[in-house]
Amino acid sequence: MLSMYFDWHIWLGTGAGLLMLALIVPYIRSITRSTTRPSAVSWFGWAALFAIATIAQASKGIDWSLSVPLISTISTTIIAFTALFMGRAVWTRADGICIVLGALAVILWVITKEPLTAIVLSMIADFFVTVPTIVKTYQDPTSEPSTLWVLYVVCVTLELIATQQYTIYNLLFPVYTVIGSAIIMALALRGQGGHKSGI
């Protein structure tokens, strides 16, 4: 019992999870200041996908890596509705295509009975809803807060390090999340000199 209090996996995972949740506040603040213009498709899509990913991953065991999709579900939902209610969300014609492709992947994901297949399909669906943010940030790097994306990538990486069960079920989606977030981070960093980085 005592060893639990000195387990570095627990402390690292808890710290990274709390920091990830804390990032919601400055991101929402950047939305209210109009320095961040989030993609409606991406944030609502991420909220739905992270929720299903949490369920799929939990079915194969609960570990610190589960905090990545769980906390992401909470944060993306809050951010999506904040952007919507404040009229800050970005919408383009190309987003419609991404919605259709993402929806098809989600349908296949929900009906599958095999957890690994569900996780892979969730990654495919996530890719389609992430495309609008990648394109938007490529065209306008200042539309996303670079510093917050850097911190988010750090948090997810720390959660991966903190995991105690190195299985494909526990690592696949978090690793994919690090890669996808790092791409957005790199694009946002291109415009770092154009505005305050969201904090």
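Just so you know, all these numbers are worked out from the coordinates, no wet-lab data involved. Computed from a predicted model, the values in this text were never measured in an experiment. Using ideal geometry, Cβ is built from the backbone for each residue, glycine included, and neighbour counts are taken over all protein chains shown.
A few notes on this one:
- Each residue of region 9-16 was assigned a 3J(HN,Hα) from its phi angle through the Karplus curve 6.51 cos²θ - 1.76 cosθ + 1.60 (θ = phi - 60°); the sequence is 4, 5, 5, 5, x, 5, x, 5 Hz, with glycine and proline shown as x.
- Computed lengthening from ASP7 to ALA58, 0.36 nm per intervening residue step minus Cα-Cα distance: 16.2 nm
- Here the spin labels are modelled as points 7 Å beyond Cα on the Cα-Cβ line, and at THR167 and LEU108 they lie 2.4 nm apart.
- Take the Cα of THR14, step 7 Å toward its Cβ, do the same at VAL100, and the gap between the two points is 4.9 nm.
- Residues whose amide H comes within less than 5 Å of that of SER39, counting only those at least five positions distant or on another chain, are VAL90 (H built at 1.01 Å from N in the peptide plane).
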